[in-house]
Amino acid sequence: MSDSERLRREAEEANRHYNDALTAVDDAFIPADETPGPVVPWPDAVLPPPSGPHRPWLRVVHRWLAPVFARQRTFDNKVVDAIDALTDQEGEVAFARFQTALIIFLQKITAFVESKDRVVADAAASRLEQHERLLNQLPDIQSQLAVLQRATQMLTRAGASPSFATAQPPAAGPTKPPSNLSSLDYRYVAFEDRFRGSDDEIREKLRAYVPVFAGASDVLDVGCGRGEFLSLLKTAGISARGVDTNHEMVATACERGLDVVHGDALAYLESLPDGSLGGMMAAQVVEHLPPPYLTRLLGAAFQKLRSGAPLVVETINPACWLAFFSSYLRDFTHVQPVHPETLQYLLQASGFGRVTLQYSQPVPEHMKMQPVDVAAVAAEGGEAAAVAQMARIVNANAAILNNLLFTHYDYAAIGYRS
């Protein structure tokens, strides 16, 4: 028997007891007696003295009857007193019966109200549990809707003529990296929608690179995605175009009026004349590429860029453990992390000069380990306060390290077919 069923039965039983007790109170209730009581004769009304023309002879009769009436009055008064006494005894018994029924009723009404409260509380808890289940399903529904939206867009485009160009690979053969999965295009777009951020968020992250291309033209955005950086360059009056292997992202960028082609980055780059580019951008791309492909891409970029043209290659910083464990490992299409110094060396080895490292998106302060200023705390609150403050900060730092290094060996993703 479930808890709800048990509470329902208890409430029904309490309701029956309540009704029985209420009926008993009704039966024991003493109604008001509205019938007139006995008339007690007054002394002057026993036998009034005679008057009128026959008064003389009536006095004799009055003297003879007056004692009789007096005795009758005394008897009547005793009878009335006896009836009153008997009535008072019956009233006390009735009142005692009513008082007992009322006490039982009060006891039953308390149980009745408590049972109702438990039923109401159980119903409220059940509704709250249902709401929590719905809220827990909300992320699943949001992810499925995002994928469905992207799949719908893909199918809509599949029935129409392509609105973008497709880059053809050179005669040497395909150079596409093995990580490209065109059948997952729409799912990966939905994945980036959720985890990388909205268009506005990505534009704000990339805005800092726009000044690097100030005064440039013919900029190529490799792996341009939905065209966030291209739209920034367009706003800044810098001519640029993009290339991406993801069919759905290219379609999205073209719908925004951007110049984007669908194809392999290295194939497209090698098809361009040498020295034809005024700049090149590759944001969050190199972590998707195998090392041989990456080295060829950087070599081709060096050949196609004009003298003095900038090359910006942004990627996740695996030297930051938080970035590596929370961002890099999350994306199932990542092939290999690239350490900052490794990427700097690869650019230098490909012929690029003045290669510097520019870090972005610092970890928020509240997520960092905090130092302990023992001297300041001791000066303000004494040694005891300094020790207490040091203990709190050490514990907080230990929690940060535990969350990064010592959580769980394994995990499983568990879902249910809807």
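The values are calculated or read from the model by the stated rules, or taken from the named source; none is laboratory data. Since this is a predicted model, take the numbers as computed values, not measurements. Protein only, heavy atoms only, side chains kept; ligands, DNA and RNA dropped before computing areas. Shrake-Rupley method; radii C 1.70, N 1.55, O 1.52, S 1.80 Å.
Arrange the residues GLU341, GLU132, GLU314 by how much accessible surface each exposes, largest first, with a 1.4 angstrom probe.
GLU341, GLU132, GLU314
Amide H neighbours of GLN370 under 5 Å, counting only residues 5+ apart in sequence or on other chains, H built in-plane at 1.01 Å?
When sequence neighbours closer than 5 places are left aside, the close amide H contacts are ASN397.
Which cross-chain or sequence-distant (5 or more) residues have an amide H under 5 Å from the amide H of VAL335, H modelled 1.01 Å from N in plane?
For VAL335, whose amide H was placed from the backbone, the distant partners under 5 Å are HIS288, LEU289.
Quick one: what are the phi-derived ³J(HN,Hα) couplings along the stretch 208-214, Karplus 6.51/-1.76/1.60 with θ = phi - 60°, whole Hz, x for glycine and proline?
Result, rounded to whole Hz: 5, 8, 4, x, 4, 9, 4.
Quick check: with the 1.4 Å probe, what order do THR245, THR356, THR252 take by accessible area, largest first?
Result of the area sort, largest leading: THR356, THR245, THR252.
What residues have an amide H closer than 5 Å to that of VAL261, excluding those fewer than 5 places away on the same chain, when H is modeled at 1.01 Å from N in the peptide plane?
It is GLY242, VAL243, ASP244, by chain and number.
Can you tell me how the stretch 235-359 classifies by the Cα gyration tensor, rounded, prolate or oblate, using a/c under 1.5 as the rounded cut?
Here the stretch 235-359 falls in the oblate category.
For the stretch 349-357, take each phi angle, set θ = phi - 60°, evaluate the Karplus expression 6.51 cos²θ - 1.76 cosθ + 1.60, and give the result in whole Hz per residue in order, putting x for glycine and proline.
Karplus values, whole Hz, x for Gly and Pro: 5, 8, x, 7, x, 6, 7, 10, 10.
Across the stretch 327-335, in residue order, what do the Karplus-derived ³J(HN,Hα) couplings come to in whole Hz, using 6.51 cos²θ - 1.76 cosθ + 1.60 with θ = phi - 60° and x for Gly and Pro?
10, 5, 5, 5, 7, 6, 8, 5, 9
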